[in-house]
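Comments concern the structure below.
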Amino acid sequence: MNFSSLLSLGATPIKKPIIALFGGGGKTAMLYQLGSELAQQYSKVLLTSIVKAGPSPVFPIVLSKPETPIDNLFIDRHPLYLLKEIIRENKYQGFEPNELEPLLSGVDVCVFEADGARDRPLKAHNEYDPGVPSFTSHVFILIGADVIDTQLNDGLVHRPDIFKSLWSKNDSSLINVELITEVVTSQKGYLSKIPGSIPKIYFVNKADAHPEKARLLGESISSSTSSPVFMGSVKNIWWELIS
């Protein structure tokens, strides 16, 4: 069982997958896992980000300006985890979408983080967050099941003040299945940053620790979208299709 197979189960496969990881609750772990899997299938696998990124305990980070030819960077690096520059200690800058697009001609597949969530399982976007680029072939939308039935002031939502304003909530509001479903499937929420033409794959992570809640959330999301919905665990490398 691997996560790269979700591309064929969850959406029409294409010749060159350009995969955006979006949301919260496991994006970076999914980046590493997909990178490892896809490197068994393709010769040139690029891992990167269009937002800031932290240090990598899995793949060495290579820093390169966008104009640098990418071919030579793959020597002895498979997959290649490429970022633009170091901002400060343990913090790196990814590429702007218009910088990333020209690099794609030199790769077989690309997986990139499309937004940041500060390790929280749910988030609110602001107007400055980048949108998922139109050249993306698939979007994995991740949600951590550990946020289900917590309160907003429990600290599991990234940008809680924006979240409160956007969804008319307060510090003690319950983050229940219905609310999470609206956040991740509506144009007011996550879909405001994702072009409608890009196939979406929903993944409820940490289902090993919260199986009943994860299934309820997955079923609720499935009832609100025609996109495929999975639950599982990135850490323990398992998943099942809900819809």
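Each reported figure results from applying straightforward, stated rules to the coordinates on display, with no laboratory input. Predicted, not measured: the structure shown is a model, and the values here were computed from it. Note that each Cβ is placed from the backbone with ideal geometry, even for glycine, and that neighbours are counted across all protein chains shown.
Taking the Cα-to-Cβ direction at residue 236 and at residue 16 and moving 7 Å from each Cα, how far apart do the two end points lie in nm?
It is 3.8 nm.
Of all the stretches in the chain, which is the longest one without any exposed loop site, taking GluC sites (Glu not before Pro) in a DSSP loop (any state but H, G, I, E, B) with at most 16 other Cβ atoms within 10 Å?
Longest run free of exposed loop sites: 128-243.
Any chance you could list P(r) for the range 40-101, counting all Cα-Cα pairs in 5 angstrom bins from zero, rounded to whole %?
4, 18, 30, 26, 16, 5, 1
Considering every Cα-Cα pair within the range 48-140, what fraction, in whole percent, is farther apart than 20 Å?
Percent of Cα pairs beyond 20 Å in the range 48-140: 36.
Dividing the alpha-carbon radius of gyration of the range 202-243 by 2.2 N^0.38 Å (N being the number of residues), what value is obtained?
Compared with the compact-globule rule of thumb, the range 202-243 sits at 1.03.
Whole-Hz ³J(HN,Hα) for each residue in the range 71-77, computed from phi via Karplus 6.51 cos²θ - 1.76 cosθ + 1.60 with θ = phi - 60°, x for glycine and proline: what do you get?
Result, rounded to whole Hz: 4, 5, 6, 7, 5, 6, 9.
Just the number, please: percent antiparallel of the DSSP beta bridges in the range 17-234, rounded to the nearest 5.
Given both bridge residues lie in the range 17-234, the antiparallel proportion sits at roughly 20 percent.
With a cut-off of 17 Å, note down the residues of the range 135-152 whose backbone N falls inside the zone around a label point 7 Å from the Cα of residue 96 toward its beta carbon.
So the set is 135.
Where the eigenvalues come from the Cα gyration tensor of the chain, what are the semi-axes √(5λ) of the equivalent ellipsoid, largest first, in whole Å?
Ellipsoid semi-axes (Å, largest first): 29, 20, 16.
Picking from 50, 141, 86, which is most flexible by a Gaussian network model of the chain using Cα springs under 10 Å?
86
If each of residue 170 and residue 129 carries a label point 7 Å out from its Cα toward its Cβ, how far apart are those two points in nm?
It is 2.5 nm.
So what's the range 102-196 giving for Cα Rg divided by 2.2 N^0.38 Å, two decimals?
Working it through for the range 102-196, the quotient is 1.19.
Determine the gain in length on full extension of the stretch residue 56-residue 219; use 0.36 nm per residue of separation and subtract their C-alpha separation, reporting nm with one decimal.
Roughly 55.3 nm would be gained on extension.
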